[in-house]
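One structure is given here, and the rest of the page talks about it.
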Amino acid sequence: MRTQRSFKIDSLLQSKKALFEWSRGFDDLVWLDSNSHQDAYSSFEACLAVGVSQRLQTAEGLSIFLDNEKDWLFGYFSYDFKNELENLFSHNADALNFPTIQFFQPNKLIILVNGHLHFNYLEAFTDEIEADYEEIINSQHKGSSIKSSDSIKIKMRIHKDDYFDKANRFLEHIYKGDIYEANFCQEFYAEKVDIDPWTTYRKLNAISEPPFAAFAKLEDNYLLCASPERYIKKIAQKVISQPIKGTARRGTDELEDEKIKKTLSQDPKERSENIMITDLVRNDLSKSALKGSIAVEELCKPYTFKQVHQLISTIISRVPLDKSPLELIKETFPMGSMTGAPKISAMNIIEDLEETKRGLYSGAVGYFTPAGDFDFNVVIRSILYNASKKYVSFSVGSAITSKSDPEQEYAECLLKAKAMRTVLEEG
């Protein structure tokens, strides 16, 4: 059981900053931030889950909890969860070593929505609500206790010539008919580094202010995520998935910006990428959708973010009342925009040609509610940090199709890598 209390706030931005800084005092936390983006499926401005009542690191444990406990869970599925769902494997190098699945039942949950802080605490912590509220509101927004290193040198796991060779091998698979699209990702990394994750996240988030930003600290493992993409959301019987495929830079002025946006929305290659993944998502949702309930609400709609324009499609369906939330995740995981199509073939080829395990990158972070609803993003535009190993990593990718030019795909990867690289190298 949980106790709920609500407090009106005077300043949204100050309350968000104070709440996020307050989270430094906890060993385990998940912070989700919409950055004031509003759409038909928005839930809150931000939320913070801290403290562990139960920790779950297996699909079986997760299933038992969801069936019996009827409480909040926050955490992630890494990309390699796919190996438990299909006849797949991952033997590539993994320097981060995050658990495949990591969820926790939070002792304390604070949701910021509609000008209020809503405290939702397990009963054992009810008597701490007032003191926590006072500490958050009266905090002086202290600066970082640790400075990011100013000498981080980012290394590339795949250099340019190797990238072109691998991109051409993806194209060979496409020409042979093995696949018709694959998301090819590469890692950037640094070793023996100290960063202050909270400060680094704030800088990363400020660059793009995306709708599905997230920060997670689970023991010594950190996720700093500036994702623009929703993987999947469930509201009662309604399911929503919003894949992104198609990227273009922002213009230097309003006229150029509008021209680039229009060009992106009409680009045959970018549209074909998006439509292929939209079809893949429709197929995934059809595994449990009620007959005739799948619909495409938006197809290749251009959305503008601070750094880039993106094409986003919105696919919805309805599922039976008794549909297991975890089974719905299993039927659709991982997000098609991060794999390719056909999905299984693409994932096999990805494992063969990529150099490293993706781990949490291109997985999903989010939450389950007591009612069995959920909302998860796609972990992209993200920095991963293992504090005990002093290893920091970020990955980027692009979709390879028959119309792909390896030079342009490489340039797209560098564009996507710019924010993470800048934040880390500038310290």
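Here, each number is a calculation from the coordinates, and none is a lab measurement. Quantities reported herein were computed from a predicted structural model and do not represent experimental measurements. Counting neighbours? That spans all protein chains shown, and the Cβs are built from the backbone with ideal geometry, glycine included.
Some values worked out for this structure:
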read-out	value
Other-chain or far-sequence residues with amide H under 5 Å of Glu298's (modelled H)	Thr314
Among Asn221, Gln310, Ser324 - extreme Cα towards positive end, dipole of the chain, charges at beta-carbon	Gln310
Amide H partners (placed H, <5 Å) of Gly251, local residues excluded	Asp257
Distance between modelled label sites at Glu425 and Ser139, nm, 7 Å Cα→Cβ extension	3.2 nm
³J(HN,Hα) computed for each position of the range 183-192 - Karplus, 6.51 cos²θ - 1.76 cosθ + 1.60, integer Hz, glycine/proline x	8, 9, 10, 9, 9, 10, 7, 8, 10, 6
³J(HN,Hα) computed for each position of the range 291-300 - Karplus, 6.51 cos²θ - 1.76 cosθ + 1.60, integer Hz, glycine/proline x	4, x, 8, 7, 8, 9, 6, 9, 10, 6
Theoretical FRET efficiency, 1/(1+(r/R0)^6), r = Cβ-Cβ of Phe7 and Lys153, R0 51 Å, to 0.05	0.65
The range 118-134 - phi-based ³J(HN,Hα) in whole Hz, Karplus 6.51/-1.76/1.60, Gly and Pro as x	9, 8, 9, 10, 4, 4, 5, 10, 4, 6, 9, 4, 4, 5, 5, 4, 4
Paramagnetic label zone (point 7 Å from Cα along Cα-to-C-beta, Glu254; backbone N under 14 Å) in the range 28-51	none
Distance between modelled label sites at Glu86 and His116, nm, 7 Å Cα→Cβ extension	4.4 nm
Coil-residue trypsin sites (Lys or Arg not before Pro) of the range 157-228, DSSP, other Cβ within 10 Å capped at 11	Lys192
Theoretical FRET efficiency, 1/(1+(r/R0)^6), r = Cβ-Cβ of Leu415 and Asp94, R0 25 Å, to 0.05	0.45
Of the trypsin sites (Lys or Arg not before Pro) in the range 305-378, those whose Cβ has at most 16 other Cβ within 10 Å and which sit in DSSP loop	Lys306
Over the chain: helical MRE at 222 nm, DSSP H runs n ≥ 4 each giving -39500 (n - 2.57), nearest 500	-10000 deg cm²/dmol
Built amide H within the under 5 Å cut-off of Ser395, gap 5+	Phe188, Ser382
The chain: relative contact order in percent, alpha carbon pairs under 8 Å with at least 6 residues between	24 percent
Chymotrypsin sites (Phe, Trp or Tyr not before Pro) restricted to the range 78-140 and DSSP loop, no more than 14 other C-beta within 10 Å	Phe89
Sites Asp161 and Glu298 - FRET efficiency at Förster radius 45 Å, r taken between beta-carbons, to 0.05	0.70
Distance between the range 168-242 and the range 393-427 - C-alpha centres, whole angstrom	12 Å
10 °C / 1.306 mPa s Stokes-Einstein diffusion coefficient of the chain, Kirkwood radius on C-alpha pairs, µm²/s	72 µm²/s
GluC sites (Glu not before Pro), loop per DSSP, at most 16 other Cβ atoms within 10 Å - longest free stretch of the chain	220-354
Reach of Lys291 by Cα under 18 Å, taken over lysines that are not fewer than 8 positions away in the same chain	Lys234, Lys238, Lys323
Set of lysines near Lys261 by C-alpha distance (under 24 Å), chain-local residues within fewer than 8 positions excluded	Lys245, Lys269, Lys301, Lys306, Lys403, Lys416, Lys418
Cross-link reach list, lysines versus Lys390, counting only Cα pairs under 21 Å and skipping chain neighbours closer than eight places	Lys147, Lys153, Lys155, Lys192, Lys203, Lys217, Lys357
